[in-house]
Amino acid sequence: MSSSSREDDNENITSATTRRASSSSSDTTISDTSAEKTAESIKNIAKSIRDASTRMREVVRVVRQSGAIDELTQAIHEASIAAKDTSNEIRETTKDLRDRGIIRDTAKAIEQTNIAARETADTVRETAQQARESAPQTTESLKETATRIKSKRKKEQVATS
């Protein structure tokens, strides 16, 4: 049964129960017709339920006979065993790493590397500072030397000319 016919049936039931019976003969006819529609709607709903139940039984029978349920059950069983084995393997590996002290030794090596990196950075910083401080003196010294060399060359050129 389609959903639109179910909606029609539900509307018929609602309208039949909300109408008031009156004493006139035309109202009695309308009320009788509504009661018949309501009864027909209830029968249609019951038939739909029976049809759906029959289809569901057939689907369950076909699925069971096809072996799909057994395959699904077996696949879930295998997956759970694989998860258990993986968990056990991880546990054993972690215990082994812990017992051999690899985790602790790795952490210590990382800490020592960090300390050495900080010391290296400090040394580089100090060296750069020393270079900045000595640069003005070096520049002055180079200027003086360059001036002396130029003076010597001029004297030599004057002497040779």
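Remark: residue 153 falls outside the filter, which requires a residue to be surrounded by 10 or more Cβ atoms within 10 Å (Cβ to Cβ), of a type in the set (Lys, Arg), farther than 30 Å from residue 60 by Cβ and at pLDDT 85 or above. Taking the stated definitions as given, is residue 102 touching a helix residue (DSSP H, G or I) at 6+ places or on another chain (Cβ under 9 Å), without any contact (Cβ under 8 Å) to a residue 12 or more places away in the chain and of a type in the set (A, V, I, L, M, F, W, C)? It is true that residue 102 is touching a helix residue (DSSP H, G or I) at 6+ places or on another chain (Cβ under 9 Å), without any contact (Cβ under 8 Å) to a residue 12 or more places away in the chain and of a type in the set (A, V, I, L, M, F, W, C). Do the conditions hold for residue 75, that is, is it surrounded by 10 or more Cβ atoms within 10 Å (Cβ to Cβ), part of a helix (DSSP H, G or I), of a type in the set (Gly, Ala, Ser) and under 35 Å from the mean Cα position of the chain (by Cα)? Yes.
The values are calculated or read from the model by the stated rules, or taken from the named source; none is laboratory data. Predicted model only: the values in this text are computed from it and were never measured. Because the Cβ atoms are built from the backbone with ideal geometry, glycine has one as well, and the counts that use them run over all protein chains shown.
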